1. At Leu317 and Thr223, where each label point lies 7 Å from the Cα along Cα→Cβ, what is the point-to-point distance in nanometres?
2. How big is the range 121-254 along each principal axis, measuring the range of its Cα positions in Å and listing the largest first?
3. So if I take the alpha carbon set of the range 247-389, get Rg, then get Rh from the Kirkwood formula, what is the Rg over Rh ratio?
4. May I ask for the longest run of the chain untouched by trypsin sites (Lys or Arg not before Pro) that are loop-located per DSSP and have at most 15 neighbouring C-beta atoms (other than their own) within 10 Å?
5. Full extension from Thr155 to Asn83: what is 0.36 nm times the residue separation minus their Cα-Cα distance, to one decimal in nm?
6. What distance in nm separates the two pseudo spin-label positions at Met44 and Glu378, each 7 Å out from Cα along the beta-carbon direction?
7. Could you list, bin by bin from short to long, the percent of Cα-Cα pairs of the range 111-158 in 10 Å steps?
8. Tell me the label-point distance for the pair Thr304, Ser230, using the 7 Å Cα-to-Cβ offset, in nm and rounded to one decimal.
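Taken together, the values in this text are just the output of simple stated rules run on the coordinates, not laboratory data. The shown structure was predicted, so the numbers you read here are calculated from the model rather than taken from an experiment. We place every Cβ from the backbone using ideal geometry, glycine too, and count neighbours over all the protein chains shown.
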Amino acid sequence: MKRSISKGGLTFLRRGHMSFWLMLFPLLACGQSTEKLSLNDAIMIALQNNSDIIKAQKEIDAAGGRILQAGRIPNPELSVNWNETPTNLNIGDADERDIGLSQEIEFPGKRGARIDVAEHEKVIVELSLDRIKTLTISRVKRSYYQVLLTGETITSLESTISLLNDFLKQVTERYQAGSSTYLDVIRTKVETTRLGNELVEARRDQQQRIAELNILLGRLGETPVTLSDSLQYEPLQLSRDSVLVQYSVRSSFLQLAEREALRGQSLVSLAKKSYLPDFSFGLFHQQRAEEPPFNANDFSGITTRSLGLQLGISVPLWFWQQPRGQVEEAQAIVDIAAIQVEAARRRVRQSIINAYQLASVANQQVQVFQTSLLRDAEDELRAGISGYQNNQIDVLNLFDIYRTYRATKIEYARALYNYLAAKAELDASAEVPE
């Protein structure tokens, strides 16, 4: 028995459709300004606000302070001595009084060796900052591309929903003309609603990805963000060997290991200097009472004033304990650093090779979509629509074609994301990310 859709029923469908979209675009969002954010802007903001970068910059300041401390010169010591003081502790009646200034002097080279070690530590911290910046840029790129991927998914879903809405009109007209069934109308409505649910989930995922991006940028993200860039494909043109050489040379991770080895050698030099003595020098003003000659008119003698000099030298008598232990410890640090340098070279090389291989595979995947799959999916969709209009296929087969077309578009966007993310990881591969 043939069924018909009343005007009231069509009005209900239109109202339900309108209510669905109103739920996706709440009125609360109206009136808020939207920030357009490019990838370069996101990178610049992250370099300025990212907490790891700020912390590393403060570590450089701390390392500069340690250089100043390493170049310290012992403070001179001012001393005042009273000898032969009366029992009433009246120091003004003391017979002997010394006022002096003494200074400790390190053996030449010790201070310079300490400064050298501290300067190596500052370079290490600076290289660590460069490494953190490179890794942060890579993470920002991947996060930015993830937001773009969710945007492509949303666009694909919206486009498919729009096609299905147009198709719903055709199915309704065909049903009213008696060339289609009411079940086709129901199936089209269900398919449209199902895609609407996926669209809601995609928008929720997009907001979550934007929140993650804002965390990397070091900000609250209270203002709505619109990304101004898109998933753009640029073929991978460099060979594996050229990439390996280029990224290895500028690897902060490898330079860190090499600088640690140089710091260890400076520690050995400083430790060996602990066998050498230190010196001290003092200058005193001395006052002495009751000095001869004594006579009948002056039984207390005379008071004399003079200068006193003091020279001292430390004797490294127990050299087999602390100095020897310092040398052994420093030499072990050098050996460990040499092992770490070789391990770092291997890790950097393997990390670059792995990242390059992943980028190459992702590059091939994008080319497969561009050379055949996208065109084939579009041709199949056109043929399916034409076949349904000519009663050659039913609505279920047409929905399968719609799903295949949408899946192809989304998978192409995912292939682009995988490729761009792989390139971002390749840029940071020499830093051996954890």
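1. Using points 7 Å along Cα→Cβ, the separation is 7.3 nm.
2. 83, 40, 21
3. With Rg and the Kirkwood Rh in hand, the quotient comes to 1.67.
4. Values: sites that count: Lys2, Arg3, Arg72, Arg219, Arg250.
The answer is 251-434.
5. 16.4 nm
6. According to this spin-label approximation, the distance is 3.6 nm.
7. Result, from short to long distances: 23, 22, 19, 15, 11, 6, 3, 0 percent.
8. Once both label points are built, they end up 10.1 nm from each other.
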